[in-house]
Every structure is written in C-alpha cells, then in structure tokens.
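To start, the structure itself, in structure tokens.
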Amino acid sequence: MKRWRPGDRRESSSAMIRVDQAGEYGATRIYAGQLAVMGDRTEAARAIAGMANQEKRHQRFFDAMVVKRGVRPTALQPFWDVAGFALGAATAAIGPEAAMACTVAVETEIDLHYQDQLVRLGKSDPELAGAIAEFRAEELEHRDAALAAGAEQAPAYPVLSGLIRFGCRAAIALSKRF
Ligand SMILES: [Fe+2]
Ligand SMILES: [Fe+2]
C-alpha cells in the first residue's frame with residue numbers, strides 16, 4: 001500500500017472520499033436489505049429507517065464530493081451493492097437483535113476509520129474533516145441505539161460481530177485502492 005506523507009493532501013483526500021463514498025453507500029444497502037426483510041411496522045424497523053435516512057445524507061455528501069473534487073469512485077460499487085444488501089437481509093432474517101448487532105459491528109469499525117481519517121487530515125481539509133466529524137457523531141448514535149435495542153442478545157453475538165467487523169475492515173482496505 002502506498003505510504004501517506006504529510007503534504008500529500010490531494011492524493012490522500014481523494015482516497016478518503018473514495019472509501020467514504022463506498023462505505024456510506026454500503027451502509028444504505030445494508031439498511032435497505034434489513035428493511036426489505038423486516039417491513040416497516042416494528043419498533044426495530046422504525047429505528048432502522050431513521051438510521052437509513054442519515055446514511056442517505058452521508059452518502060449524498062460524498063457523492064457530491066466525488067463530483068466536485070473529480071475523485072475516481074470505487075470500481076467495487078456493484079459488489080458493495082450486493083454484499084451490503086445481502087448482509088442486511090441475512091442479519092434481519094436471523095432476527096431484530098442480529099440486525100442491531102450488524103449496526104454495532106459496522107459502526108464500531110466506521111468510528112475507528114473516521115477517527116483515523118480525522119487524525120490524518122488534521123487542519124489540511126476543513127470541508128472534508130468537518131463532514132467526517134459530524135457523520136462520525138451520528139454513527140456513534142447508531143451504535144448506541146443498536147446496543148440499547150438489544151444487539152448483544154443476538155444469537156452467537158461474538159462470532160457474528162467478529163465476522164462483520166472483519167468484513168468491514170476488508171471492505172475499507174479494498175475501497176481505498178480499487
Ligand atoms: Fe454513515
Ligand atoms: Fe451509520
């Protein structure tokens with residue numbers, strides 16, 4: 001992987017926008033998969049629909065940044081489309097707690113990822129850093145809401161959580177480059 005150097009602002013901001021657009025898009029697909037299985041009548045489904053709306057806002061911001069900054073979008077979008085939806089549908093099929101466990105796992109990795117980006121950006125790109133800081137706060141709200149909704153009561157929680165976190169880290173690493 002190419003080493004990031006201080007002063008390498010354009011290159012590093014572009015890679016960040018690429019991976020963040022991919023991730024926020026993936027998040028919308030996960031929630032779409034969950035809602036397709038859960039419908040819209042339960043309390044869990046309403047909570048998820050609220051989170052999904054925030055993810056759409058995050059995604060629209062990065063879509064606009066891709067255009068504005070001339071960033072090459074990830075080539076893996078068709079894959080995140082299918083993988084995200086499948087992950088959402090599969091976790092929701094296990095049950096509402098597993099759907100919430102999915103959110104906890106994803107948001108835990110996204111929080112680490114956004115924290116890392118904020119450190120790298122420092123004061124070099126206030127427009128991007130400002131949005132990331134705001135979105136990160138909302139991802140943490142999603143994580144906390146999912147924990148409060150019983151995520152840890154999901155069957156095989158540690159295994160489920162570990163697998164999803166591993167998948168997120170792989171997706172992040174791939175979308176930085178491709
Ligand atoms: Fe998001
Ligand atoms: Fe989120």
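Points worth noting:
- FRET efficiency, E141 to L118 (Cβ-Cβ, R0 22 Å, nearest 0.05): 0.80
- The stretch 86-178, accessible surface, carbon-and-sulfur percent (1.4 angstrom probe): 63 percent
- Heavy-atom accessible surface of the stretch 22-68, averaged per residue, reaches 49 Å², computed with a 1.4 Å probe.
- Relative to the compact-globule estimate of 2.2 N^0.38 Å, the Cα radius of gyration of the chain comes out at 1.01.
- Where a label projected 7 Å from the Cα of R60 along Cα→Cβ would reach, residues of the stretch 139-153 with amide N under 19 Å: 139
- Placing unit charges on the Cβ atoms of the charged side chains and taking the dipole of the chain about its Cα centre, the candidate lying farthest along the positive direction among A36, A15, Q115 is A15.
- The stretch between A36 and A148, if pulled fully straight at 0.36 nm per residue, gains 38.1 nm over its current Cα-Cα span.
- Taking the Cα centre of the chain as origin and assigning +1 to Lys and Arg Cβ atoms and -1 to Asp and Glu Cβ atoms, the resulting dipole is close to 940 debye.
The values are calculated or read from the model by the stated rules, or taken from the named source; none is laboratory data. Not measured: the values here are computed from a predicted model. Positions of Cβ are backbone-derived with ideal geometry, glycine not excepted, and every protein chain shown enters the neighbour counts. What goes into the accessible areas is simple: the full protein's heavy atoms, side chains included, and nothing from ligands, DNA or RNA. Shrake-Rupley method; radii C 1.70, N 1.55, O 1.52, S 1.80 Å.
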